[in-house]
Amino acid sequence: MANVPLLDQKDSRSGFGAGLLELGKRDPNVVALCADLTGSLKMDAFAKAFPERFFQMGVAEANMMGVAAGLTIGGKIPFTGTFANFSTGRVYDQIRQSIAYAGKNVKICASHAGLTLGEDGATHQILEDIGLMKMLPGMTVIVPCDFNQTKQATIAIGAHEGPVYLRFGRPKWPVFIPADMPFEIGKAQILVEGSDVSIFACGHLVWRALQAAEELANAGIKAEVINVHTIKPLDEATVLASVRKTGCAVSCEEHNRFGGLGDSIAQVLALKQPLPMEFVAVNDSFGESGTPDQLLQKYGLDVPDIVAAAQRALKRK
C-alpha cells in the first residue's frame, strides 16, 4: 500500500457527490437537503437526477436539521449538506435534540472541514466538530481520507440505521485508496505494516502519514500506518493489536488535539495498554487564512511533524 501509484487528485467532497448520486439510484427513499451550497457540496447531480427528492433549504441550517429529522418518520433517509462549521456548531442543539436524542436516521454530511478549507479563514475552519459529534450518544462519526473512500463511505452510511456524521474536505487531494478496497463502518484499515511505531490517522492526514512512513523507512524505522476512517465506533481491536506489536503510537488529525481521534485512541491506551503516544493535531487554537499546504505547515500537521512525533514516541519506549 505504501507504494500505491498516485493516479489523480480529486476533492473528497466530489466523492460525496458521486456517492450520493449512486445511492439515489439504488434507494428511492434517499433524499437530500442542502443549505444553499449545492455546488460546493457537489449535490448538483443528485438534484438534477432526482428533483423531487432534493430540497433546497436556503441559509437556514437549523431548520434543515429539523426537516431532515421529520422526513425519517415517513421512512425517508435524509442526507443534509453544508459546510462542517454550519453542519455542527451552528446547529448543535437541533442535532442533539431532534436527531441524536430522538435516534433519527439522518446523515449529516459536512464539507470544508478542518484547516484545509484554506483561504476562507478561521470563522469557517471548524476544528472542534469531531469532538462535538462523537460525544453525542448513538452518533456514528466517519472521516474518510480521499475521493474514493468518501464515495464508499457515503454509500455505506445509506445502509446504516441511525444518525451519522460524515466529514470531508474542499481541496484536491491525492487519490490513493483503490476504488474496490472494501469499506466497513467501524473497521480501520492497515495501509502499511510496521513493527516500530503505530501511526493512526484520519482524513487528509492519512496521505501525510503515508509520506511520513516512507521518510521513516529511509531512516530504518518501520512505521505501521492505520487509516482510522471511523472515529466512532472506534476499532479498538485493530488499535490494540498494532500498539502491542510496536510499543508506541502517534495520532494524526486535522482537528483540535482536544476531543478528536487522538483523544479516542489515548482513552483506549490508558484503559487497556498504557504506552508512549504523541499527538499531531492543532494545538488548541483557531485557524487563519492561507493555502491548505501553508496552514498544515504552520499548525504542525505536515510530514516533518509526523516524522518528528514518531521519533519522540520511539525515544519514550
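Classify the stretch 192-232 as rounded, prolate or oblate, taking a ≥ b ≥ c as the square roots of the eigenvalues of its Cα gyration tensor: rounded when a/c is under 1.5, otherwise prolate if a/b is larger than b/c and oblate if not. Because a/c hits 1.5 or more and a/b fails to exceed b/c, the stretch 192-232 counts as oblate.
Between L275 and S289, what is the label-to-label distance in nm when each label sits 7 Å out along the Cα-to-Cβ direction? Distance between label points: 4.5 nm.
Annotation: extensible slack from R312 through N63 equals 84.9 nm (criterion: 0.36 nm per residue apart, minus Cα-Cα distance). Relative to the longest principal axis of the Cα atoms of the chain, the long axis of helix 205-218 makes an angle of roughly 20 degrees.
Rounded, prolate or oblate: pick one for the stretch 189-315, where a ≥ b ≥ c are the square roots of the eigenvalues of its C-alpha gyration tensor, a/c under 1.5 means rounded, and failing that, prolate if a/b is larger than b/c, else oblate.
It comes out oblate by the Cα gyration axes.
Taking every DSSP beta bridge that has both ends in the chain, the antiparallel portion is near 20%. The C-alpha atoms of the chain define a longest principal axis, and helix 261-272 lies at about 60 degrees to it. In terms of packing, defined here as the mean over residues of other Cβ atoms within 10 angstrom, the peptides 254-267, 58-71 line up highest first as 254-267, 58-71.
A Förster distance of 22 Å, applied to the separation of the beta-carbon atoms of S195 and Q267, puts the FRET efficiency at 0.35. Protection proxy ranking for 88-100, 136-148, using the average of other Cβ atoms within 10 Å per residue and placing the highest first: 136-148, 88-100. Once you have a ≥ b ≥ c as the square roots of the Cα gyration tensor eigenvalues for the stretch 9-174, tell me rounded if a/c is under 1.5, and otherwise prolate or oblate according to whether a/b is larger than b/c. Rounded shape, in that the Cα axes give a/c under 1.5.
Karplus-based coupling profile of the stretch 283-289, in residue order and whole Hz: 8, 6, 9, 7, x, 7, 6, with θ = phi - 60° in 6.51 cos²θ - 1.76 cosθ + 1.60 and x standing for Gly or Pro.
Would you please name the GluC sites (Glu not before Pro) within the stretch 159-220 that are DSSP coil residues with at most 15 other C-beta atoms within 10 Å of their C-beta?
Working: sites: E161, E184, E193, E214, E215; in loops: E161, E184, E193.
Sparse-neighbourhood loop GluC sites (Glu not before Pro): E161, E184, E193.
Computed FRET efficiency, Cβ-Cβ of A237 and D27, R0 41 Å: what is it to the nearest 0.05? Show your work: numbers first, answer last.
Details: r = 31 Å, r/R0 = 0.75.
Once the sixth-power term is evaluated, E becomes 0.85.
Rule-based calculations on the coordinates, nothing more; no lab input. Keep in mind it's a predicted model, so treat the numbers as computed, not measured. When we count neighbours, we look across all protein chains shown, and the Cβ atoms used for this are built from the backbone with ideal geometry, even at glycine.
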